[in-house]
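Asks: Below you'll find the structure I mean.
Computed from the coordinates by the stated procedures, all read-outs in this text should not be read as laboratory data. Keep in mind the model is a prediction, meaning the values are calculated, not measured. Counting neighbours? That spans all protein chains shown, and the Cβs are built from the backbone with ideal geometry, glycine included.
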Amino acid sequence: MKDDLSSRLCEAVDAAFDAQVAFLSELTAHPSTRGNEQSAQDFMARELTARGLDVDRWQIDVAEIQHLPGFSPVLGPYDDAVNVVGTRRARTQQGRSLILNGHIDVVPEGPLEMWDSPPYQPRVEDGWLYGRGGGDMKAGLASNLFALDALAACGLAPAGDVHFQSVVEEECTGNGALACLARGYTADAALIPEPFSETLVTAQLGVLWFQVHLKGLPTHVAYAGTGSNAIEAAIPLMQALHEMEHRWNAPDRRTTDYAHMDHALNLNIGKIQGGDWTSSVPAWCVFDVRMGLFPGQSIDAAKAEIEAVILDAARDNAFLRNSLPEIVYHGFHAEGYALSQDSSARAARAIDALDTAHRTATGAALERQAITATTDARFFGLYADTPALVYGPRAEAIHGFNERVELESMRRVTKATALFIADWCGVEPR
Ligand code: ZN
């Protein structure tokens with residue numbers, strides 16, 4: 001790319017940066033937790049329409065995606081799961097196509113008193129924007145959009161088709177990104193600005209969610225024998241699961257990208273419910289578990305092992321032996337994905353373009369990292385033969401309290417994204 005174009009694109013990002021921060025702030029003010037994404041998606045659809053993109057907005061239909069690889073089982077209705085995609089078709093069709101993907105859903109904010117300021121009243125302090133979802137990943141959605149704006153400000157458009165995706169369901173299933181694939185959205189590469197500190201993500205873990213249900217006969221606490229308490233019966237099951245976690249992290253189980261990590265796979269007991277009354281022996285208990293998987297690890301084999309571990313531990317327990325726990329899958333059935341294993345010329349070219357764009361925008365080499373979480377990149381990489389680059393700004397406390405994103409980092413990523421689009425897609429006059 002000509003130096004002149006690079007500097008014009010970077011200047012265009014600078015010129016619009018105050019507007020970009022205002023956009024991020026407005027978007028973060030929408031409390032788009034699961035089931036509550038509509039107002040944020042309305043906002044995105046309006047912004048895309050105002051920029052002249054063809055906006056496609058649809059409700060995810062489970063029947064259309066449940067047979068596809070990568071589908072995760074869902075509990076509850078999907079009436080409010082609405083995706084938004086804005087498409088800009090290239091006039092010349094001379095370049096490569098691109099998906100700019102980001103998720104609109106955010107995780108619950110937790111107890112409000114843990115926040116220094118309300119999570120959906122974003123504020124800027126010392127160069128950071130605070131608010132739930134500001135980092136994960138509304139700054140990325142802003143970066144994708146304002147990178148396209150920078151091309152427009154230079155009188156240019158991508159010379160290949162671009163699909164701007166604002167998807168739901170990233171934080172629990174990935175079915176939003178899967179629904180985009182099912183609807184026919186494909187491209188030569190995908191870029192997902194998840195907040196991993198301006199590094200290129202070379203590998204991501206798989207994630208499995210499941211619930212363990214324990215049931216028994218309720219009695220008055222005065223007549224309770226030992227081992228008849230559903231809540232206490234859950235504890236040895238949790239211990240057995242943690243022993244399994246330890247085995248799965250053994251050095252001989254690790255893949256190349258994770259060989260240096262002692263504990264890449266984390267088992268999290270994320271929720272627990274049980275019992276009805278302080279003086280009644282609890283007759284039921286349900287706990288929710290998240291477990292990581294290495295790329296290449298089979299979901300079916302993982303499920304079989306998890307079930308065996310839970311049932312073996314239950315058979316050792318006086319209360320559970322006669323009433324074995326039930327395992328219910330809901331949410332993530334996510335396989336791991338490693339961009340590092342994509343040996344295609346297209347992946348190499350896309351990575352090269354991002355290397356160059358990052359170096360030009362920041363003056364530093366693009367670093368790589370394997371992450372211990374999942375992203376929607378797996379759908380493009382595993383099920384659509386599309387290299388998916390995860391590269392986004394620096395954020396802190398995502399999924400925690402006082403989540404924040406560094407604004408100068410968002411500026412650098414926006415510049416790198418504009419340069420990447422111009423290189424990967426090529427440009428044509430608007
Ligand atoms: Zn995210």
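Asks: Listed residues 372, 356; which is β-branched (Val, Ile, Thr) and out of contact with any Asp or Glu (no Cβ under 7 Å at 6 or more places or on another chain)?
Replies: The match here is 372.
Asks: Which pairs have Cβ atoms under 7 Å, sit 6 or more apart or on different chains, and link a residue in the stretch 87-115 that is under 23 Å from residue 429 (Cβ atoms) and in contact (Cβ under 8 Å) with a residue 12 or more places away in the chain to one that is away from the ligand (no atom under 16 Å from the Cβ) and basic (Lys, Arg)?
Replies: Cβ pairs passing all conditions: none.
Asks: Sticking with this structure for a sec: Starting from residues that are of a type outside the set (A, V, I, L, M, F, W, C) and more than 16 Å from the ligand (Cβ to nearest atom), keep the ones in the stretch 131-169 and report whichever is nearest to residue 430 (Cα to Cα).
Replies: 155
Asks: Sticking with this structure for a sec: I'd like the full set of residues that are in a loop (DSSP other than H, G, I, E, B), of a type in the set (Ser, Thr, Tyr) and farther than 12 Å from residue 32 by Cα, limited to the stretch 98-139.
Replies: 117
Asks: Do you know which residues across the stretch 94-126 are within 15 Å of residue 25 (Cα to Cα) and within 15 Å of the ligand (Cβ to nearest atom)?
Replies: 104, 106
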